[in-house]
Amino acid sequence: MRMKFIETIQIKNRQFQNIHFHNQRLNLTRQNALNQTDNWQLQQLISIPETLTDSVYKCRVIYAHDIQSIEFSSYQIRPIHSLKAIHNNSIDYHYKYLNRDLLQHLFEQRGDCDDILIIKNGLITDSYYCNLAFFYKKNWYTPAAPLLKGTQRAALIEKGIIQEKNILIDDLHIFSKVRLFNAMIEWKNAPEIPIGQVFS
């Protein structure tokens, strides 16, 4: 079966958010995984429907060698108050694959927690759907080796809001809190969880 990929883009006030980073990741995926040499500009390939208001919407683009589908839906942040640490040393999600079966399998091991903290070879990576940032003293640090380098993550690093750092699960206790963010969850709205709510 041919491999498929996905980009999930936030639309707010009828404008694409962080579209530069989505184009960058999509075209890198197309080049490295699909051997395509042309560059797509998603804002030229997607028409925002007239029915969309100024609220926040999710634009879901599924693609392979060409675009398979484009879907729009309203979006609300899912409440997250606790995380369960799940270890898996073989997981690979460095491209944004449409198939998330292994991630789903890990998510189903969360027990009573709202989400998971995925640990690979002792290093903290991501949650089920989000990149992470951990607070220490006055700074926010994001894992240097996430499962997926998110577009919001790239924008926050470029702005100097977060810094990359290898974060061992054994060092989790030195941080006071963690934030979960992705293309649909802006930094200012990101769920913030005390480290005490991360369970092993």
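The figures follow:
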item: From HIS94, HIS20, HIS87, residue being out of contact with any Ser or Thr (no Cβ under 7 Å at 6 or more places or on another chain), without any contact (Cβ under 8 Å) to a residue 12 or more places away in the chain and open to solvent by 90 Å² or more (accessible area, probe 1.4 Å); result: HIS20
item: Meets criteria (surrounded by 11 or more Cβ atoms within 10 Å (Cβ to Cβ), within 18 Å of the chain's Cα centre (by Cα), of a type outside the set (Lys, Arg) and assigned to a helix (DSSP H, G or I)) for THR8; result: no
item: Number of positions in region 156-174 that are surrounded by 19 or more Cβ atoms within 10 Å (Cβ to Cβ) and either under 23 Å from PRO79 (Cα atoms) or in contact with an Asp or Glu (Cβ under 8 Å, 6 or more places away or on another chain) (or both); result: 2
item: Verdict on PHE181 being among the aromatic types (Phe, Trp, Tyr), within 16 Å of the chain's Cα centre (by Cα), under 16 Å from THR8 (Cβ atoms) and open to solvent by less than 60 Å² (accessible area, probe 1.4 Å); result: yes
item: Residue check for GLU192: touching a residue at least 12 places away in the same chain (Cβ under 8 Å) and under 29 Å from ASN23 (Cβ atoms); result: no
item: Those strands (runs of 3 or more DSSP E) lying entirely in region 98-200 with at least 3 residues not polar (S, T, N, Q); result: 115-120, 131-136, 139-143, 177-181, 192-194
item: Residues satisfying the stated conditions in region 128-139, i.e. in contact (Cβ under 8 Å) with a residue 12 or more places away in the chain and open to solvent by 30 Å² or more (accessible area, probe 1.4 Å); result: TYR129, PHE135, TYR136, ASN139
item: Members of region 103-113 that are buried (at least 16 other Cβ atoms within 10 Å of the Cβ) and either of a type in the set (Phe, Trp, Tyr) or closer than 19 Å to ASN182 by Cα (or both); result: LEU103, LEU106, PHE107
item: Residues of region 159-185 satisfying the condition of being closer than 18 Å to PHE16 by Cα and either free of Cβ contacts under 8 Å to residues at least 40 places away in the same chain or of a type in the set (Val, Ile, Thr) (or both); result: ILE185
item: Residues of region 67-81 satisfying the condition of being part of a loop (DSSP other than H, G, I, E, B) and either surrounded by fewer than 18 Cβ atoms within 10 Å (Cβ to Cβ) or at positive phi (or both); result: TYR75, GLN76, ILE77, ARG78, PRO79, HIS81
item: Region 82-97, residues that are assigned to a loop (DSSP other than H, G, I, E, B) and not charged (D, E, K, R); result: SER82, ASN88, ASN89, SER90, ILE91, TYR93, HIS94, TYR95
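To keep it simple, each residue is scored yes or no on (1) under 21 Å from MET184 (Cβ atoms); (2) out of contact with any Asp or Glu (no Cβ under 7 Å at 6 or more places or on another chain).
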position: ASN23; (1), (2): yes, yes
position: ASN35; (1), (2): no, yes
position: TYR63; (1), (2): yes, yes
position: ASN89; (1), (2): no, yes
position: SER127; (1), (2): yes, no
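The values are calculated or read from the model by the stated rules, or taken from the named source; none is laboratory data. Predicted, not measured: the structure shown is a model, and the values here were computed from it. When we count neighbours, we look across all protein chains shown, and the Cβ atoms used for this are built from the backbone with ideal geometry, even at glycine. For accessibility, only protein heavy atoms count, side chains too; no ligands or nucleic acids. Shrake-Rupley method; radii C 1.70, N 1.55, O 1.52, S 1.80 Å.
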